[in-house]
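What follows draws every value from the coordinates through simple rules; no lab data is involved. Just so we're clear, the structure is a prediction, and the values are computed from it rather than from any experiment. Every residue, glycine among them, receives a Cβ derived from its backbone with ideal geometry; neighbour counts consider all protein chains shown.
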Amino acid sequence: MREAPVIRLTDVTKVYTVGQTRLRALDQVSLDVYPGEFAVVIGRSGSGKSTLLNMLAGLERPTRGQIRIAGKQIERMKEKDLVAFRLRNIGFVFQSFNLFAAHTAVENVAMPLMYRGVPRARRVRLARGMLDAVGLSSHANHSPSQMSGGQQQRVGIARALVAKPRILFADEPTGNLDLKTSREILYLIRNICRERGTTLIMVTHDPEVAAYADRVITLLDGKILENRKNPYPMEFQLPSAAVKGQTEEN
């Protein structure tokens, strides 16, 4: 018997009103994603990719339709309950890193644990462990301004995963990075999620990434143009020098 989907969207529509204009960003989108899948959302600019991701993460509410995440119908939740749900179940990696400039790497990574009420000693220990997992243990006390773009994104990944979310959303996580660093970041996200059984939903402008995904969702004008299962996803191939231990040069 097949496992139940961890994400289910049913006829989700999102309409924005700008002055006298109504913009339909999503149009009756229905979608299932299963536990542990790596799903890539692709489409040209304005197709609705980021809106879809925001709906899935509970950052915006749909105009119509149902969103069921990890067994909960989130569009019906009160804001306080929705915040608590995200803290328990969802991690988010941003294109622009979104690190706190006045805090060190370890403080940034520990932030979600602080919001969950984890004692300071434990959250620092867990944060250092995640920084080690992304190859940045020696940068634990560095501020974002002391790190490269690739290093900052590794901190962002560590922060998103430190609380062991069931689902990780990544919005153009390599959009501000060069090609080599992009491949290393994708390799890192995919491997950690696979090891933990974390469902990964990634919005990307790079159609090549689709070859590595378990599921490919193509959007056009707010509608799903294609939703296909990839039976033979490729593996990210990196030079040995790019594997943990040499990541601090990025």
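Would you mind computing the Rg to Rh ratio of the range 105-240 from its alpha-carbon coordinates, Kirkwood style for Rh?
So for the range 105-240, dividing Rg by the Kirkwood Rh gives 1.00.
With no solvent and one equal point scatterer placed on each C-alpha of the chain, evaluate the Debye formula and give log10 I(q)/I(0) for q = 0.15 Å⁻¹, two decimals.
-1.08
Over all distinct alpha-carbon pairs, what is the Kirkwood Rh of the range 63-171 in angstrom? Walk me through the intermediate numbers first.
Values: mean 1/r = 0.0686 Å⁻¹.
Every distinct Cα pair counted, the radius reaches 14.6 Å.
Of all DSSP beta bridges located in the chain, what percent are antiparallel, nearest 5? Before the final figure, lay out each step's value.
Values: 22 of 39 bridges.
Around 55 percent antiparallel, to the nearest 5.
Set the Förster distance to 30 Å, then compute FRET efficiency between residue 194 and residue 142 from the Cβ-Cβ distance, nearest 0.05. Walk me through the intermediate numbers first.
On the way: r = 28 Å, r/R0 = 0.93.
Here the calculated transfer efficiency is 0.60.
Quick one: if the Förster radius is 30 Å, what FRET efficiency do residue 10 and residue 45 give, using the C-beta to C-beta distance and rounding to 0.05?
0.70
Would you compute, for the Cα atoms of the range 33-89, the largest minus smallest coordinate along each principal axis and list the three values in descending order, in whole Å?
34, 28, 19
Taking the alpha-carbon distance from residue 80 and a cut-off under 28 Å, which lysines remain once sequence neighbours fewer than 8 residues away in the same chain are dropped?
Those lysines meeting the cut-off are 14, 49, 72, 164.
Tell me what the chain gives for mean residue ellipticity at 222 nm when only DSSP H runs of n ≥ 4 count, each as -39,500 (n - 2.57), the sum divided by the residue total, rounded to 500 deg cm²/dmol.
Values: 6 runs with 75 residues, N = 250.
Computed mean residue ellipticity for the chain: -9500 deg cm²/dmol.
Please report Rg (one decimal) and Dmax (integer) in Å for the Cα set of the range 154-213.
Spelled out, the Cα radius of gyration and Dmax of the range 154-213 are 10.9, 30 Å.
Please work out the Cα center distance from the range 107-135 to the range 8-62, rounded to the nearest Å.
So the separation of the two Cα centres works out to 31 Å.
Rounded to two decimals, what ratio of Rg to Rh does the range 1-150 give with C-alpha atoms and a Kirkwood Rh?
On the way: Rg = 18.3 Å, Rh = 17.8 Å.
Value, to two decimals: 1.03.
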